[in-house]
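Worksheet: one structure, shown below.
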Amino acid sequence: MSEGHHIIPVWFFVGVILLIYGILILATGIYEFHSPPSTVLANLHPAVWWGVLLIILGGLFVYIHMPKKP
Amino acid sequence: MSLSLSFPLAMWWLAGSNPPGAAQRVILLHPVDLAIIVIYFVTVLGIGFYLKRYTKSGEGFFLAGREMTAWVAGLSFISANLGALELMGWASSAYQYGILAAHWYWIGAIPAILFLGLVMMPFYYISKTHSVPGYLKLRYGESARGLAALMFSFMTVLMAGIDMYAMALLMKVILGWNMHFSIWVSALTVAVYVALGGLFSAIFNEVLQFFLIWFGALLIPILGLIETGGWSGLVARIHQNFPQGDYTHLWRTLGHFADNPMGIHWTGIVFGLGWVISVGYWTTDFLVVQRVIAAKDIRAAKLAPIIGSYFKMAVPFIVILPGLLGLAVLPFKLVPANAVGPGQHGFNEVLPLMLARYCGPGLLGLGITALIAGFMSGMAGNVSAFATVWTYDLYRPFIRKGASDSHYVTMGRTCTILGMLVSIGTAYLAMQFMSIMDYVQALFSIFIAPLFGTVLLGMLWKRVTPAAGFWGLLAGSASSVAMFLLVKFNHSMLAYIALSSHAKDMAENMYRALWSWLICVIVTVVVTAFTKPKPVEELTGLVYGCTELPGEGHLPLWKRPVFWAGVSLALFLLLQWIFW
C-alpha cells in the first residue's frame with residue numbers, strides 16, 4: 001500500500017493471522033510431548049518449531065506494520 | 001484460481017476424483033484444526049467489512065485505488081494464479097509424470113512473466129486502462145472490446161463455479177464434509193467480502209492466501225527430504241520403487257513423443273507452452289493483469305510481475321516435490337482415479353496423503369486452510385473480475401452510458417452477488433454433468449492464444465487497424481473451436497494437429513494454441529493491408545513507437561526492473577541445467 005493512505009496495510013492482517021496460528025500450533029506441539037501424533041517424523045516435533053516460526057514472523061509483521069495514530 | 005495453464009490437468013483431477021459416497025476419508029480433523037479454519041473465515045469477512053469504507057468510488061471498488069505497492073501487486077499476481085485446484089492437480093501430475101510437470105512453472109511461466117513486466121506492462125499502465133478488454137477498446141474500438149469482454153465475463157463466472165465445486169468435492173473426499181454445506185458457506189463468504197471490499201478485498205485475501213499456502217504446504221517437502229535423506233536419496237528411492245520410468249529429468253526425454261509418459265515433444269514445450277500458451281495467458285488473462293494494473297506507479301507495475309516470477313519459480317518446491325515424494329515414500333502405489341478399488345487411493349489424493357503423513361493436529365488445520373484459502377481466493381478473483389468486466393466493459397459502454405460513479409459501484413456490488421449465484425448454479429451443474437468442465441477448459445484455451453496475438457500486435461505495430469484487430473481475434477478463436485471439435489469427434493485428428501501419431505492429449509492444447517495464434521496473426525496482418533489504421537495521435541500511450549516510455553537510466557542498477565528480470569532469467573536457466 002502507498003504510505004500516504006491511512007488504510008491498514010495488508011501485512012498487518014497477515015501478521016495477526018500468522019501470530020494467532022503460531023500460538024495455536026505451538027500450544028498443540030507442546031501438548032504433543034505427552035500425546036504424540038502417529039505421523040512420520042513426529043519425534044522431530046514439527047508443530048513446535050513451526051509454531052515458533054509463525055509467531056516470530058507474525059509478530060514481526062504486526063510490530064512493523066502496527067497502525068499508528070495519524 | 002484464475003483460468004490457469006494447468007486447468008486441463010486440474011479438470012482431469014476433478015473428473016477422476018472419488019465420487020461422493022464411494023470416498024474414503026483421508027484426513028480426520030481435530031478441534032484445533034477446525035478452530036484454524038473458522039479463524040480464517042472470520043478474518044476474511046472482517047477484512048471485507050473493514051475495507052468497505054475505502055471502496056465507495058469506482059476506482060476504489062474496481063481498481064483498489066490504483067495504489068498497490070510492487071510487493072502487494074506481485075504477491076497478489078502470483079496468488080491469483082496459484083489456487084488449490086492447481087496445487088492438487090499438479091501434485092498428482094508430478095506423481096504420474098515426475099518432474100516434467102515443473103515445465104508449467106518454469107518455461108511455462110518465467111519468460112512470459114518477465115515479458116509482461118518489461119514489454120507489455122508499460123502500455124497497459126500508461127493507457128490507464130482498467131482491464132484487457134479496456135485496452136482493446138482504446139486500441140481497436142468497441143467490437144474487439146465487446147467480443148473479449150463477453151468471453152471473459154462468461155469464463156470468469158463459470159470458473160468461480162468450478163472452483164466452488166472443486167472445493168466442495170475436495171472437502172467431501174478428504175474430510176467427509178457435505179457438499180452443499182461447502183458450496184454455500186464458501187460462496188456466501190466470498191460474496192460478502194467481495195461485495196463489500198471489491199478488488200481491495202480480493203487482493204488482500206490473495207496476499208493472505210499466499211502466506212497460508214506457503215506455510216501450510218512447506219512442511220511436506222521439508223520433512224519429506226529429511227525422511228528420504230535429501231534429493232539424491234529421493235531419486236534413489238523413486239528408482240527403487242519405479243525402475244522403468246524416468247521421473248527426475250526435465251528435458252532429457254523430450255526428444256520424441258514416445259520417450260516420455262506425457263507424450264510430448266520439446267518443440268511443443270518450447271513453442272506451444274513456452275511461447276504462445278504461457279505468454280498468452282500471463283499477458284492477457286484478466287485476473288493476473290488486473291492485479292498489476294492496480295499498482296501505484298509504472299515502476300511498481302513493471303516490478304510486480306518480476307517479483308512474482310521468483311515465487312513462481314519456487315512453487316515446484318511445494319507442488320511438484322510432494323508428488324515426487326509420494327513416489328518415493330508412500331508404502332502403496334496410487335492408481336488412476338477411475339481404477340480406485342477398496343483400500344486404494346487415486347493419483348489425485350497424493351497431496352492430502354502427504355499432508356496426513358507429516359502433519360499432526362494444528363499443522364493439518366493449517367494445510368487444509370491453505371487449500372480452502374486457495375479455492376476461495378480463486379472464487380473471489382473470478383467474481384471480482386466478472387464485476388469489473390460486466391460493469392466497465394459491457395454495462396457502461398453498451399447499456400447505460402454516462403451514469404454516476406456511485407451508480408456503477410452499486411452495479412459492481414450487485415453483480416458480485418448475482419455472479420456468485422450464477423456460479424453456484426454452475427457448481428451444481430458440474431455436479432450433474434462433469435463434461436461441462438471439458439467445455440469450460442476449452443473456452444479458456446480457445447480464446448487466450450488468439451487474444452495474445454491481437455494484444456501483442458496492437459502493442460508493437462502501429463499499422464494494425466481496428467478492423468484487423470477484431471477479425472484476427474475472431475478468426476483465431478474460430479479456428480481454435482474448429483480444431484477442438486475436430487479432435488473431440490475424431491481423436492485421430494490429434495496426429496495432424498500435433499504433427500505426430502505418437503502425440504497424446506497433453507500435446508493438443510500446445511499445438512492448437514500455436515496454430516490458432518498463427519492464424520490470428522496472419523489474418524490480422526492481411527486485413528490490416530486492406531483497411532484503414534487509426535491516426536497516430538490516437539495511438540499515443542497504446543503502441544510502441546507512439547508512446548514515450550519512462551527511462552530507467554537515472555536509477556541505480558539495483559532499482560531497475562530490468563536488472564531483477566535478468567537475475568530471474570538467470571535463475572530460471574540455472575534450474576533447467578540442474579534438472580536437465
Review point. Going by the structure shown, is B:I99 away from chain A (no Cβ under 14 Å) and buried (at least 24 other Cβ atoms within 10 Å of the Cβ)?
Key: no
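Being in contact (Cβ under 8 Å) with a residue 12 or more places away in the chain, closer than 28 Å to B:V329 by Cβ and among the small types (G, A, S), is that true of even one residue in the stretch A:25-36?
yes
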Practice item. Considering only the stretch B:243-259, state which residues are farther than 13 Å from B:A94 by Cβ and either within 14 Å of chain A (Cβ to nearest Cβ) or assigned to a loop (DSSP other than H, G, I, E, B) (or both). Key: B:P243, B:Q244, B:D246, B:H249, B:W251, B:R252, B:T253, B:L254, B:G255, B:H256
Review point. If B:W106 satisfies every condition in (1) modelled with pLDDT of 85 or more; (2) over 21 Å from B:I578 (Cβ atoms); (3) assigned to a loop (DSSP other than H, G, I, E, B) but one, which is the exception?
Key: (2)
**Study point:** the stretch B:338-368, subset at pLDDT 85 or above and away from chain A (no Cβ under 13 Å), residue farthest from B:F210 (Cα to Cα)
**Key:** B:V350
Point to revise | Single unsatisfied condition, B:L330 versus (1) out of contact with any Lys or Arg (no Cβ under 9 Å at 6 or more places or on another chain); (2) surrounded by fewer than 18 Cβ atoms within 10 Å (Cβ to Cβ) | key: (1)
Review point. Given B:F200, B:F210, B:F154, which one is over 19 Å from B:A91 (Cα atoms) and out of contact with any Gly (no Cβ under 9 Å at 6 or more places or on another chain)?
Key: B:F154
Check your understanding: Can you spot a residue in the stretch B:339-354 that is among the acidic types (D, E) and surrounded by fewer than 24 Cβ atoms within 10 Å (Cβ to Cβ)?
Key -> no
Revision key, fill the gap. Those residues of the stretch B:369-408 that are outside any helix (DSSP H, G or I) and within 14 Å of chain A (Cβ to nearest Cβ) come to a total of 0
Point to revise | Output for the stretch B:538-580, where each listed residue is in a loop (DSSP other than H, G, I, E, B) and of a type in the set (G, A, S) | key: B:G541, B:G545, B:G551, B:G553
Check your understanding: What residue, among those in the stretch A:30-56 that are more than 7 Å from every other protein chain (Cβ to nearest Cβ) and among the small types (G, A, S), is surrounded by the most Cβ atoms within 10 Å (Cβ to Cβ)?
Key -> A:G51
Check your understanding: Quick check: anything in the stretch B:391-408 surrounded by 17 or more Cβ atoms within 10 Å (Cβ to Cβ), aliphatic (A, V, I, L, M) and within 23 Å of the chain's Cα centre (by Cα)?
Key -> no
**Study point:** Count - residues of the stretch B:123-160 that are part of a helix (DSSP H, G or I) and either touching a His at 6+ places or on another chain (Cβ under 6 Å) or over 18 Å from B:T388 (Cβ atoms) (or both)
**Key:** 5
Revision key, fill the gap. Quick count over the stretch B:223-242, residues being under 30 Å from the mean Cα position of the chain (by Cα), surrounded by fewer than 17 Cβ atoms within 10 Å (Cβ to Cβ) and within 14 Å of chain A (Cβ to nearest Cβ), is 0
Review point. Residue check, A:I17 against (1) closer than 30 Å to B:K56 by Cβ; (2) more than 10 Å from chain B (Cβ to nearest Cβ); (3) modelled with pLDDT of 95 or more, all met but one. Which one?
Key: (2)
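The values are calculated or read from the model by the stated rules, or taken from the named source; none is laboratory data. Quick caveat, the model's predicted, so the values are computed rather than measured. Cβ sites come from the backbone with ideal geometry, for glycine too, and all protein chains shown count toward neighbours.
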